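Everything on this sheet refers to the single structure shown next.
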Amino acid sequence: MFDFKGKVVVVTGGARGIGKCIREAFEEAGAVACVIDLLENDYFVGDLADKKTLESFAAKVIEDYGHVDYLINNAAPRSRGIADGSYEDFEYALQVGVTAPFYLAKLFVPHFGKGASIVNISSSRDRMSQPQTESYTAAKGGIAALTHALAVSLSGRVRVNSISPGWIDNNYTVYEGADATQQPAGRVGNPPDIANMVLYLCSDMAGFITGENICIDGGMTKQMIYHGDCGWSLKE
């Protein structure tokens, strides 16, 4: 369905989970993938919170390939809550989740090819929360807002969009019962649900889409539930 032969894609956090699936999908479509992750991978191991690491990574990509077509900011920030999270935890989450995507975009701006695209992976937590998730939620809200800011600043040069996944099971577990049926789509999500949209947003088919956030969550954020609805009741 997609043809990315000769294209170069950068995927942060591409060694596992959604990032790995995105990388593999691009490679299957003919692209060359440059991954940066704390985990071992075949391209670049490094901490996205470190400025010099980002600079070294970007320099390697340009030295190796000369340009970048797609930047996928996928790396997950640290999740800590107000009860147990430190100043440093919160700062680190923002460095990985917001500062690194901004700085990589800045570093690659002179090297983006024609028809370039940035896709930021946010989260449905950019609009809803569970308790004790402040650092993660703030970072995901930040990258969602960064998306439309970059889309305007880079208009005419690079399209910039974001995706907000809901519950995505990286182990491809097939859930039954309440975990599945609570979701309007009837199941828990898997990494290809996100990877497919990333490739679409980078393709020419999405050439008129920029500054947009697409929530892929099986419909969970659209389902309004009050006490007594859907078999749910509040227990104090």
If you stretched the chain out fully between Thr53 and Tyr200, how much longer would it get, using 0.36 nm times the residue separation minus the C-alpha to C-alpha distance? 50.0 nm
For the chain, I need the span (max minus min coordinate) of the C-alpha atoms along each principal axis, in Å, sorted largest to smallest. 59, 44, 35
Name the residue farthest towards the positive end of the dipole of the chain from the options Thr181, Asn213, Ala138, assuming +1 on Cβ of Lys and Arg, -1 on Cβ of Asp and Glu, about the Cα centre. Asn213
Under 15 Å from the Cβ of Glu176, count the other residues' Cβ atoms, weight Lys and Arg +1, Asp and Glu -1, and hand me the total. -1
Around Ser56: net Lys/Arg minus Asp/Glu count, Cβ-Cβ under 13 Å: -2
Report the calculated FRET efficiency for Asp42 and Phe102 (r = Cβ-Cβ distance, R0 = 35 Å), to the nearest 0.05. 0.85
Count of lysine pairs in the stretch 8-231 with Cα separation under 19 Å (8 or more residues apart, or interchain): 7
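Per 0.36 nm of contour for each residue apart, how much would the distance between Arg187 and Glu212 grow if the chain were fully extended, relative to their Cα-Cα spacing? Mind showing how you got there, number by number?
On the way: separation 25, 0.36 × 25 = 9.00 nm, distance 2.50 nm.
Difference between extended and current length: 6.5 nm.
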Most fluctuating residue given options Ile82, Ile72, Ile194, as computed from a GNM of the chain linking Cα atoms under 10 Å: Ile82
Inter-probe distance in nm under a simple model that places probes 7 Å from Cα toward Cβ, at Asp229 and Met1: 3.1
Helix 191-202: angle to the longest alpha-carbon principal axis of the chain, degrees 0 to 90, nearest 10? 50
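Every number here is computed from the coordinates shown, using simple stated rules; none is lab data. Every value quoted in this text rests on a predicted model; they were computed, and no experiment measured them. Cβ: placed from backbone, ideal geometry, glycine included. Neighbour counts: every protein chain shown.
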